[in-house]
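These notes concern the structure reproduced below.
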Amino acid sequence: MLLSLDAATVRFGGRAVLDAVGLDVAEHEVVCVLGPSGSGKSTLLRAVAGLQPLSGGRVLLDGRDQAGVPAHRRGIGLMFQDHQLFPQRDVGANVAFGLRMHGVARSERDAEVGQLLELVGLPGAGRRAVASLSGGEQQRVALARALAPRPRLLMLDEPLGQLDRSLRERLVVELRELFGRLGTTVLAVTHDQGEAFALADRVVVMRDGRIAQSGTPLEVWQRPADAFVARFLGFDNVVPATVAGTAADSPWGKLPVPEGSAQGARTLLVRPAGVRLVAADAGLPCTVAARTFKGTHVTVRLRPGDGPRLEAACALRDAPEVGDGVGVEFDAAEIVVLD
Amino acid sequence: MALPVAFFAVFFAWPVAAIVARGLKADGTWRFGRIADVVTQPDIRHVLWFTTWQALASTALTLLLALPAAYLFARLDFPGKRLLRAVVTVPFVLPTVVAGSAFLALVGHGGLLDQLWGVRLDTTVWAILLAHVFFNYAVVVRTVGGLWSQLDPRQEEAARMLGASPLRAWRKVTLPALGPAVAAAALMVFLFTFTSFGVVQILGGPTFSTLEVEIYRQTSEVFDLSTAAVLTLVQFAAVGAILVVHAWTVRRRETALRLVDPEATVRRPRGAGQWALLTGVLVTIALLLVLPLAVLVRRSLDAPGFGYYRALANGDGGTFLVAPLHAVWTSLQYAVAATALAVVIGGLAAAALARRDAGRLVRGFDALLMLPLGVSAVTVGFGFLIALDKPPLDLRQSWILVPLAQALVGAPFVVRTMLPVLRAVDARLREAAAVLGASPWRVWREVDLPMVRRALLVAAGFAFAVSLGEFGATVFIARPDNPTLPVAVARLLSRPGDLNYGQAMALSTILMVVCAAALLVLERLRTDRTGEF
């Protein structure tokens with residue numbers, strides 16, 4: 001393993017911000033840590049970088065314990081949340097900084113900087129002032145700067161956090177492609193699930209300093225480990241239920257569940273696509289409370305006569321008006337019994 | 001950290017301890033009753049009373065006259081604003097003796113007002129109060145105006161949209177935000193005027209005497225060192241109390257204000273009210289800040305063919321052992337040495353204080369550093385006089401004594417100038433450099449130094465100006481055959497005769513020009529206007 005965390009713990013005051021976290025990152029792997037703000041994901045990066053001393057546990061790089069190794073000797077790249085470009089240096093000097101620190105000769109440095117700027121899509125920008133860059137350009141320079149000393153592990157803290165949506169979606173594809181081409185090992189943190197799923201080979205969901213779930217984007221998306229992960233991924237139809245066979249007793253009545261589901265008192269996730277709207281006199285009677293246009297579909301918020309609100313997804317032409325009475329039926333294929 | 005601590009221990013704490021011992025210890029026993037004895041003497045009580053009320057009056061008068069100017073500089077845009085800002089700041093860095101002579105030339109015997117209308121103020125308290133306003137005008141304009149210019153006007157607009165009248169919006173939104181800055185400025189002015197020495201020494205005559213002047217009188221005229229020591233302790237306690245309150249208000253000022261670029265908040269004056277305000281402020285500045293200095297220069301040129309200036313080059317006046325002009329050279333040498341000392345000591349202290357992981361102890365040192373500034377130069381000079389005159393440290397004969405005292409007074413300015421800049425360096429910028437492979441030393445050289453270079457120059461300039469004009473401490477310890485400029489001016493003024501008076505004016509003019517030049521260089525270097533000085 002390139003990077004291993006072994007029961008890594010960081011306490012601020014009495015509070016454990018990182019609570020016995022174990023995590024492995026293999027060479028050439030892109031791992032994304034996903035979690036709400038305050039879940040300890042930035043602290044995780046700082047602990048690996050050597051900027052935050054551990055209260056307990058170990059950080060190992062290539063199997064070697066990093067305790068006592070200062071940040072500048074770990075050979076790790078870190079791209080900061082708001083880039084932290086050196087304001088008094090131009091773009092080229094920013095990118096060259098790490099090379100200078102590692103004693104690379106000037107001529108070699110200049111060639112390297114030129115290549116890196118080309119790589120991140122800013123050819124010939126070396127003499128530009130940092131202040132004149134747009135947000136997206138700063139992000140590219142920060143990436144080039146972090147890549148320049150050829151770190152064995154590249155860490156990204158909310159790499160696209162401050163950029164606008166369309167730019168973010170474009171850059172995430174570019175990053176993925178770039179890391180694939182260079183074979184870079186990456187550990188990134190983000191609070192944006194779309195970003196994490198698009199970027200990562202493996203997603204790690206964090207909650208309150210602990211790891212709540214780890215798996216490929218598809219695994220996590222299809223089978224969230226618990227109610228917290230499900231809600232964090234944006235699912236609202238999460239309720240307690242009692243499962244017996246292929247039926248579950250829920251606040252919305254009897255719901256069908258897939259065969260082989262775990263039995264007994266469980267948490268039930270009903271994806272919006274599994275909530276089908278039918279005529280008002282069939283199924284569970286509901287009133288339409290709100291509807292939100294989402295581009296490809298419409299999200300409809302339903303108020304049942306009994307039980308918590310329900311979210312349904314339907315095509316635009318089928319969407320009922322606010323205040324309409326509708327019936328609801330459930331699709332077992334879109335219902336997940338959480339462990 | 002160790003070097004600044006040692007410096008302050010030897011050259012500040014020890015002299016202060018010596019003062020305590022001298023004042024309260026007789027025949028080897030402590031006598032705390034001495035404090036009560038001294039303080040209850042009628043003439044001392046009079047001094048205490050005068051010191052306090054003149055400081056209060058000076059502060060009130062300064063606020064009254066300078067707050068409109070603070071608004072003007074913060075919110076209005078008009079041609080010549082930069083120049084006016086520099087003009088307002090000049091008096092603050094001028095030596096007290098220059099201000100003293102300038103006001104003497106304006107309102108004193110044979111002064112401009114005397115010639116025109118037969119009005120003399122040099123025997124009244126008004127001369128002192130006006131001179132104090134002259135000095136501290138810039139303190140209020142810069143501290144309050146600096147913050148005011150960065151307050152987001154949209155906050156007031158938000159209050160207006162919620163139904164507040166303009167006046168009410170100002171009272172409820174701007175005033176509370178400004179309050180701590182006004183309080184901090186007022187305390188600063190109170191502190192400076194409470195410990196006023198040079199101005200009162202020159203303008204107060206025999207009638208008016210502050211604690212500082214009394215300490216000096218007890219030492220150099222009455223030779224009652226133990227009374228002087230007790231008075232120093234009283235002053236020490238008062239200043240300590242003021243500084244604690246000041247530190248508290250400063251901390252409150254730093255809390256959670258949304259600040260914006262000052263450039264975005266200014267606009268051209270509009271309406272009769274704003275034009276009247278602009279005119280009023282300009283007239284105040286002209287009469288109070290510019291006129292005294294103009295009269296000073298005019299006076300120095302009274303003798304035909306630069307007579308007073310030429311007289312400075314002669315050593316036969318009997319007032320000095322050397323030609324007065326020699327004092328210029330002495331002063332410059334001392335100032336260079338003092339600046340170097342102050343920058344090294346103050347810079348190291350600021351670097352230690354700026355560290356984010358600095359503990360309570362270190363931060364306590366921050367407040368301690370301000371003490372020499374407030375505790376007044378006279379205390380420093382007096383302390384040096386009685387503490388450094390016997391082995392192991394006998395520096396009486398050494399030239400370094402004067403620069404040491406001046407560095408002690410100048411170092412807090414260096415810390416104050418450097419600290420905000422060092423603290424403003426984003427810690428994550430240092431981390432970014434570390435992650436890219438920079439060792440801690442390289443981080444400092446590559447990240448911190450380029451950012452503080454300018455502040456370092458400004459700090460050095462301040463230390464230079466401070467030590468050039470330093471009077472209170474220097475007057476105690478400067479050797480008679482080697483006076484500095486301010487000491488020479490004071491000595492010339494204390495002697496009768498037109499020639500001495502004219503020479504004092506000429507020497508003051510020289511001092512003013514040097515200090516003003518230093519300041520103008522600083523103004524060009526300075527980027528932020530939020531610094532405390």
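The values are calculated or read from the model by the stated rules, or taken from the named source; none is laboratory data. Only a predicted model underlies this, so the values are computations on that prediction, with no experimental measurement involved. Here Cβ is always computed from backbone atoms with ideal geometry, including for glycine, and neighbour counts include all displayed protein chains. Keep in mind that these areas ignore ligands, DNA and RNA; they rest on the heavy atoms of the full protein, side chains included. Shrake-Rupley method; radii C 1.70, N 1.55, O 1.52, S 1.80 Å.
Residue-level check: of (1) assigned to a loop (DSSP other than H, G, I, E, B); (2) touching a strand residue (DSSP E or B) at 6+ places or on another chain (Cβ under 6 Å), A:Met79 misses just (1). As a summary of the residue check, A:Val59 satisfies the conditions (1) among the β-branched types (Val, Ile, Thr); (2) within 30 Å of A:Leu23 (Cα to Cα); (3) buried (at least 17 other Cβ atoms within 10 Å of the Cβ); (4) over 28 Å from the mean Cα position of the chain (by Cα) except for the one numbered (4). Residues in the stretch A:97-112 that are within 14 Å of chain B (Cβ to nearest Cβ) and not in a loop (DSSP other than H, G, I, E, B): 7 in all.
For the stretch A:282-339, a residue qualifies if it is assigned to a strand (DSSP E or B) and charged (D, E, K, R), and the qualifying residues are A:Arg291, A:Arg301, A:Arg303, A:Glu311, A:Glu329.
Might you check whether a residue that is touching a Ser or Thr at 6+ places or on another chain (Cβ under 6 Å), more than 14 Å from every other protein chain (Cβ to nearest Cβ), among the small types (Gly, Ala, Ser) and not in a loop (DSSP other than H, G, I, E, B) occurs anywhere in the stretch A:34-55? Looking for residues that are touching a Ser or Thr at 6+ places or on another chain (Cβ under 6 Å), more than 14 Å from every other protein chain (Cβ to nearest Cβ), among the small types (Gly, Ala, Ser) and not in a loop (DSSP other than H, G, I, E, B), one finds none in the stretch A:34-55, hence no.
Conditions tested, residue by residue: (1) at pLDDT 90 or above; (2) within 30 Å of the chain's Cα centre (by Cα); (3) among the hydrophobic types (A, V, I, L, M, F, W, C); (4) open to solvent by 20 Å² or more (accessible area, probe 1.4 Å).
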{"residue": "A:Gln84", "(1), (2), (3), (4)": "no, yes, no, no"}
{"residue": "A:Arg89", "(1), (2), (3), (4)": "no, no, no, yes"}
{"residue": "A:Ala93", "(1), (2), (3), (4)": "yes, no, yes, yes"}
{"residue": "A:His102", "(1), (2), (3), (4)": "no, no, no, yes"}
{"residue": "A:Ser107", "(1), (2), (3), (4)": "yes, no, no, yes"}
{"residue": "A:Val130", "(1), (2), (3), (4)": "no, yes, yes, no"}
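Given B:Ala460, B:Ala465, B:Ala455, which one is in the same structural domain as B:Gly346 (by TED's automatic domain parsing), assigned to a helix (DSSP H, G or I), in contact with a Cys (Cβ under 9 Å, 6 or more places away or on another chain) and touching a residue at least 12 places away in the same chain (Cβ under 8 Å)?
Details: B:Ala460 fails: in contact with a Cys (Cβ under 9 Å, 6 or more places away or on another chain); B:Ala455 fails: in contact with a Cys (Cβ under 9 Å, 6 or more places away or on another chain).
From the options B:Ala460, B:Ala465, B:Ala455, the qualifying one is B:Ala465.
Mind checking which residues of the stretch B:396-441 are away from chain A (no Cβ under 11 Å) and either open to solvent by 60 Å² or more (accessible area, probe 1.4 Å) or more than 30 Å from B:Thr330 (Cα to Cα) (or both)? Result: B:Arg396, B:Gln397, B:Trp399, B:Leu419, B:Pro420, B:Val421, B:Leu422, B:Arg423, B:Ala424. Listed by position, the helices (runs of 4 or more DSSP H) inside the stretch A:138-242 whose residues that are touching a helix residue (DSSP H, G or I) at 6+ places or on another chain (Cβ under 6 Å) and touching a residue at least 40 places away in the same chain (Cβ under 8 Å) number at least 2 are A:193-199. Scanning the stretch A:234-243 for residues that are modelled with pLDDT under 90 and out of contact with any strand residue (DSSP E or B) (no Cβ under 7 Å at 6 or more places or on another chain) turns up at least one hit.
Just for the stretch A:62-76: of the residues that are part of a strand (DSSP E or B) and more than 7 Å from chain B (Cβ to nearest Cβ), which one is most open to solvent (accessible area, probe 1.4 Å)?
Let us first name the residues in the stretch A:62-76 that are part of a strand (DSSP E or B), namely A:64-65, A:76.
From what is left, the residues that are more than 7 Å from chain B (Cβ to nearest Cβ) are A:64-65.
Numbers: A:Arg64: 149, A:Asp65: 68 Å².
In this case the residue turns out to be A:Arg64.
So is B:Asn500 open to solvent by 20 Å² or more (accessible area, probe 1.4 Å), more than 14 Å from every other protein chain (Cβ to nearest Cβ) and assigned to a loop (DSSP other than H, G, I, E, B) or not?
Considered against the rule, which asks whether it is open to solvent by 20 Å² or more (accessible area, probe 1.4 Å), more than 14 Å from every other protein chain (Cβ to nearest Cβ) and assigned to a loop (DSSP other than H, G, I, E, B), B:Asn500 comes out as no.
Can you tell me which residues in the stretch B:266-281 are open to solvent by 60 Å² or more (accessible area, probe 1.4 Å) and of a type outside the set (A, V, I, L, M, F, W, C)? B:Arg267, B:Arg268, B:Arg270, B:Thr279 - these are the residues of the stretch B:266-281 that are open to solvent by 60 Å² or more (accessible area, probe 1.4 Å) and of a type outside the set (A, V, I, L, M, F, W, C).
Scanning the stretch B:62-97 for residues that are among the basic types (Lys, Arg) and over 15 Å from B:Val290 (Cβ atoms) yields B:Arg75, B:Lys81, B:Arg82.
For the stretch B:317-329, indicate whether the set of residues that are open to solvent by less than 60 Å² (accessible area, probe 1.4 Å), at pLDDT 75 or above and more than 23 Å from the chain's Cα centre (by Cα) is non-empty. Checked the stretch B:317-329: no residue is open to solvent by less than 60 Å² (accessible area, probe 1.4 Å), at pLDDT 75 or above and more than 23 Å from the chain's Cα centre (by Cα). Can you say whether A:Gln115 is more than 17 Å from the chain's Cα centre (by Cα), crowded, with 18+ Cβ neighbours inside 10 Å and more than 10 Å from chain B (Cβ to nearest Cβ), as far as the supplied structure shows? Here the answer is no, as A:Gln115 does not meet what is asked. The number of residues in the stretch B:119-171 that are touching a residue at least 12 places away in the same chain (Cβ under 8 Å), open to solvent by 20 Å² or more (accessible area, probe 1.4 Å) and of a type in the set (Ser, Thr, Tyr) comes to 1. Just one residue in the set A:Gly92, A:Gly57, A:Gly103, A:Gly50 is free of Cβ contacts under 8 Å to residues at least 60 places away in the same chain and touching a Gly at 6+ places or on another chain (Cβ under 7 Å); that residue is A:Gly92. Only one of the numbered conditions (1) at pLDDT below 80; (2) open to solvent by 50 Å² or more (accessible area, probe 1.4 Å) is not met by B:Leu525, and that is (2). For the stretch B:282-316, taking the residues that are part of a helix (DSSP H, G or I), under 16 Å from B:Ile510 (Cα atoms) and open to solvent by 70 Å² or more (accessible area, probe 1.4 Å), the one that is modelled with the highest pLDDT is identified as B:Arg298.
Please determine whether any residue of the stretch A:253-265 is touching a Pro at 6+ places or on another chain (Cβ under 8 Å) and of a type in the set (A, V, I, L, M). Give the derivation first.
To start, the set of residues in the stretch A:253-265 that are touching a Pro at 6+ places or on another chain (Cβ under 8 Å) comprises A:265.
If we keep only those that are of a type in the set (A, V, I, L, M) too, we end up with A:265.
There is at least one residue in the stretch A:253-265 that is touching a Pro at 6+ places or on another chain (Cβ under 8 Å) and of a type in the set (A, V, I, L, M).
Here is a yes/no grid of residues against (1) of a type in the set (A, V, I, L, M, F, W, C); (2) buried (at least 24 other Cβ atoms within 10 Å of the Cβ); (3) under 23 Å from B:Ala350 (Cα atoms); (4) away from chain A (no Cβ under 14 Å):
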{"site": "B:Val443", "(1), (2), (3), (4)": "yes, no, yes, no"}
{"site": "B:Leu449", "(1), (2), (3), (4)": "yes, no, yes, no"}
{"site": "B:Arg454", "(1), (2), (3), (4)": "no, no, yes, no"}
{"site": "B:Ala463", "(1), (2), (3), (4)": "yes, yes, yes, yes"}
{"site": "B:Glu470", "(1), (2), (3), (4)": "no, yes, yes, yes"}
{"site": "B:Asp481", "(1), (2), (3), (4)": "no, no, no, yes"}
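Kindly evaluate A:Gly209 against the criterion of being closer than 17 Å to A:Gly161 by Cα and in the same structural domain as A:Arg11 (by TED's automatic domain parsing). Criteria not met by A:Gly209. Which one of these does B:Arg495 not meet: (1) within 14 Å of chain A (Cβ to nearest Cβ); (2) within 17 Å of B:Ser220 (Cβ to Cβ)? If we test B:Arg495 against (1) within 14 Å of chain A (Cβ to nearest Cβ); (2) within 17 Å of B:Ser220 (Cβ to Cβ), just (1) comes out false. Taking the conditions (1) closer than 17 Å to B:Arg416 by Cβ; (2) at pLDDT below 80; (3) open to solvent by less than 10 Å² (accessible area, probe 1.4 Å) in turn, B:Val489 satisfies each one other than (1).
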